[in-house]
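Visitor: Below you will find the structure I want to go over with you.
The values are calculated or read from the model by the stated rules, or taken from the named source; none is laboratory data. This structure is a prediction, so every number in the text was calculated from the model and none was measured. Note: ideal-geometry Cβ built from the backbone for every residue, glycine included; neighbour counts use all protein chains shown. Note: areas computed on protein heavy atoms with side chains; ligands, DNA, RNA excluded. Shrake-Rupley method; radii C 1.70, N 1.55, O 1.52, S 1.80 Å.
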Amino acid sequence: MQSGSKHAHSSPLRAAIIGAGPSGFYAAGQLLAVQEPCFSVDLYDRLPTPYGLVRSGVAPDHPKIKSVTRAYDKTSRHERFRFFGHVELGREISREHLLAHYHVVCYTIGTSIDRRLGIPGEELRGSHAATEFVAWYNGHPDYSGLEVDLQARQVVVVGAGNVALDVARMLALAPSELAVTDTADRAIEVLSSSGIEDITILARRGPLQAAFTNPELLEMGELERGDVEVIDGELDELSAIALEQADKTRRRNVEILREYAARPNTGKPITVRFRFLASPVELLGDSGGHVRAVRIERNAIVARDDGALAARGTGNFEEIPAQLVFRSIGYTGQPVADIPFDERRGLISNEGGRVTDVDGTHQVGEYVSGWIKRGPSGVIGTNKKDSQDTVDKILADAAAGRLNHPVSDDVETMLATHAPHAVTWEGWQAIDAVETAAGEASVPGRPRVKLTEWDALREAARSVLTNPPRR
Ligand code: NAP
């Protein structure tokens, strides 16, 4: 097998995309849309289900955001597209397997683990990573057994990003609001019986530096069961100057938070409090090893040498009572298989989407897109442009005859040997049918009841768990 533009008029160039989240689907759709050279795409995922964070990250009460999967389903109907779920890179199949069979391998595996605060007490019971909590309420099969005790009155969510808002909002939703979502059954049960009265979103910097987006911040002011409150939300001198030059989103965030600060408490059962200029320095435990409070240090805003506004501790400490703490300070990637990894950035080493080794040399045939390429930032649509940039590199390399030279085109035998349990698109559709039927049989309007156990997912897909169909 040869590679490059010479293939334009023969059989398609084979691309494997690893990770069936938004960036994987965008890259697949973009490659399939190219006429010359022509590509076939095999999209792999370690889960038997596609859509990545759209299924297991986007909050269940945001069905409109989830409807982006319709565009991905269109891609799935392309005749040169195949899906192989329940196949894990680094476990069933290796990087070598992929490079032996594909002209292009594109990693779109996301940044799946939480960043840690690195403070004492982080391991206490009642202290969780937001990433785990989010995966749990979204029915991710790796987290179905997570023990989340919501019999707490006071909760602290550390971080001022959209994930912190998702967590706070999910904790504040009324049982009737939860019931019509695809939140995992077990999570609905636990969330509906929680005794939470007080949720503090803790931001180390000020309102101008918060990473919220406007619609998500506005939603917090419309909670059926929650009043909003703001502490230390006045802009410091440096931020007041920076406000003039700030982008629209940040300026609007400041306005929204000012309006929240002026609101009276209306006696709703839950208070959602935005507390600015405070960093957690320790989680304090009770005698049973359960978190009882967060010790915080109040911060001031200072200008760094590069002009950026940063938080600096003032030496004033305080305790916020909390029986439950979520750290929501961003995600990071982890090394997979032996793909070159940039430990400092927590990403696959790459230059504009081309995977590079330590000395910056492009690893021929290997590409990357999405969060594992640029870091966990932006909204779902951001990945469309990101994938297009990577696809443009692939096309440039194809034109220059610089793609990988696979030694075999027998993907079917590779899968039959190493991943005989692979779930095809038909397998996913079987899972989808089970879940949506259960949704219909549940509360009116509930889109699906997710299967949250590996065995149940395998069982539902089993009718088509045969060897992958040949093209
Ligand atoms: P994020 O937007 O990067 O926010 C992380 C927050 O953690 C920032 O406020 C950051 O503060 C803070 N932080 C970092 N290190 C900290 C530390 N050591 N102590 C205290 N605070 C710390 O991350 P995210 O919320 O995980 O969201 C990830 C991406 O997904 C974002 O692009 C987000 O917009 C997107 N998302 C979108 C939606 C939606 O559109 N509905 C929903 C969920 C997520 P500093 O700024 O001071 O570093």
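Visitor: What are the residue pairs meeting all of these: first residue in the stretch 396-414, first residue within 20 Å of Glu36 (Cα to Cα), second residue open to solvent by 80 Å² or more (accessible area, probe 1.4 Å), Cβ atoms under 6 Å, and 6 or more apart or on different chains?
Guide: Going by the 6 Å Cβ cut-off, the qualifying pairs are Pro406/Met1.
Visitor: Turning to a different aspect of this structure: Within the stretch 309-316, does at least one residue satisfy the condition of being open to solvent by less than 10 Å² (accessible area, probe 1.4 Å) and either hydroxyl-bearing (Ser, Thr, Tyr) or not in a loop (DSSP other than H, G, I, E, B) (or both)?
Guide: Of the residues in the stretch 309-316, the ones open to solvent by less than 10 Å² (accessible area, probe 1.4 Å) are none.
No, the stretch 309-316 contains no residue that is open to solvent by less than 10 Å² (accessible area, probe 1.4 Å) and either hydroxyl-bearing (Ser, Thr, Tyr) or not in a loop (DSSP other than H, G, I, E, B) (or both).
Visitor: Please enumerate the residues belonging to the stretch 366-414 that are of a type in the set (Lys, Arg) and under 13 Å from Asn350 (Cα atoms).
Guide: Step one: filter the stretch 366-414 for residues of a type in the set (Lys, Arg), giving 373-374, 384-385, 393, 402.
Selection gives Lys373, Arg374, Lys393.
Visitor: In addition: Can Val180 be described as surrounded by 24 or more Cβ atoms within 10 Å (Cβ to Cβ) and more than 17 Å from the chain's Cα centre (by Cα)? Full working, then the answer.
Guide: Working: surrounded by 24 or more Cβ atoms within 10 Å (Cβ to Cβ): no; more than 17 Å from the chain's Cα centre (by Cα): yes.
Taking the combined requirement at face value, the residue does not satisfy it.
Visitor: Scan Ser408, Ser377 and give me the residue that is at pLDDT below 95 and assigned by TED's automatic domain parsing to the domain that holds Ala337. Write out each step before concluding.
Guide: Details: Ser408 fails: at pLDDT below 95.
Selected residue: Ser377, the only one of Ser408, Ser377 that is at pLDDT below 95 and assigned by TED's automatic domain parsing to the domain that holds Ala337.
Visitor: Just give me the residues in the stretch 103-115 being open to solvent by less than 20 Å² (accessible area, probe 1.4 Å) and either within 22 Å of the chain's Cα centre (by Cα) or not hydrophobic (A, V, I, L, M, F, W, C) (or both), in sequence order. Please lay out each step first, then the result.
Guide: So the first thing to find is which residues in the stretch 103-115 are open to solvent by less than 20 Å² (accessible area, probe 1.4 Å), and the list is 103-108, 111.
Scanning the stretch 103-115 gives His103, Val105, Cys106, Tyr107, Thr108, Thr111.
Visitor: State whether one or more residues within the stretch 93-102 are open to solvent by 20 Å² or more (accessible area, probe 1.4 Å), within 16 Å of the ligand (Cβ to nearest atom) and assigned by TED's automatic domain parsing to the domain that holds Ala419.
Guide: no
Visitor: Given the criteria of a type outside the set (Phe, Trp, Tyr), open to solvent by 40 Å² or more (accessible area, probe 1.4 Å), modelled with pLDDT of 95 or more and near the ligand (Cβ under 8 Å from one of its atoms), does Gly118 qualify?
Guide: On the way: of a type outside the set (Phe, Trp, Tyr): yes; open to solvent by 40 Å² or more (accessible area, probe 1.4 Å): yes; modelled with pLDDT of 95 or more: yes; near the ligand (Cβ under 8 Å from one of its atoms): yes.
Yes; evaluated as a whole, the condition is true for this residue.
Visitor: Out of Glu229, Glu234, report the one residue that is of a type outside the set (Phe, Trp, Tyr), in contact with a Lys or Arg (Cβ under 7 Å, 6 or more places away or on another chain), at pLDDT 95 or above and surrounded by 13 or more Cβ atoms within 10 Å (Cβ to Cβ). Break it down stepwise before answering.
Guide: Details: Glu234 fails: in contact with a Lys or Arg (Cβ under 7 Å, 6 or more places away or on another chain).
Exactly one residue qualifies, and that residue is Glu229.
Visitor: On to the next question. When the residues of the stretch 54-72 are filtered to those that are open to solvent by 40 Å² or more (accessible area, probe 1.4 Å) and away from the ligand (no atom under 16 Å from the Cβ), which remaining residue is nearest to Ala174 (Cα to Cα)?
Guide: Result: Arg70.
Visitor: Restricting to the stretch 340-368, count the residues that are within 16 Å of the ligand (Cβ to nearest atom) and either farther than 22 Å from Gly90 by Cα or in contact with a strand residue (DSSP E or B) (Cβ under 6 Å, 6 or more places away or on another chain) (or both). Break it down stepwise before answering.
Guide: The first filter runs over the stretch 340-368 and keeps only residues within 16 Å of the ligand (Cβ to nearest atom), leaving 344-347.
From the residues that got through so far, the ones that are either farther than 22 Å from Gly90 by Cα or in contact with a strand residue (DSSP E or B) (Cβ under 6 Å, 6 or more places away or on another chain) (or both) too are 346.
Total satisfying the criteria: 1.
Visitor: Please specify each residue of the stretch 155-180 satisfying the condition of being among the polar types (S, T, N, Q) and within 16 Å of the ligand (Cβ to nearest atom).
Guide: First pass over the stretch 155-180, keeping only residues among the polar types (S, T, N, Q): 162, 176.
Asn162 - this is the single residue of the stretch 155-180 that is among the polar types (S, T, N, Q) and within 16 Å of the ligand (Cβ to nearest atom).
Visitor: Check Lys373 against each of (1) touching a helix residue (DSSP H, G or I) at 6+ places or on another chain (Cβ under 6 Å); (2) within 16 Å of the ligand (Cβ to nearest atom) and name the one condition it does not meet.
Guide: Only one criterion in (1) touching a helix residue (DSSP H, G or I) at 6+ places or on another chain (Cβ under 6 Å); (2) within 16 Å of the ligand (Cβ to nearest atom) is unmet by Lys373, namely (1).
Visitor: Tell me which residues, restricted to the stretch 295-308, are open to solvent by 70 Å² or more (accessible area, probe 1.4 Å) and within 16 Å of Thr200 (Cα to Cα).
Guide: Step one: filter the stretch 295-308 for residues open to solvent by 70 Å² or more (accessible area, probe 1.4 Å), giving 295, 298, 304-306.
Of everything in the stretch 295-308, those that are open to solvent by 70 Å² or more (accessible area, probe 1.4 Å) and within 16 Å of Thr200 (Cα to Cα) turn out to be Arg295, Arg298.
Visitor: Right, something else. Sort out which residues of the stretch 121-154 are assigned to a loop (DSSP other than H, G, I, E, B), under 20 Å from the mean Cα position of the chain (by Cα) and within 16 Å of the ligand (Cβ to nearest atom), and write them in order of number.
Guide: Asn138, His140
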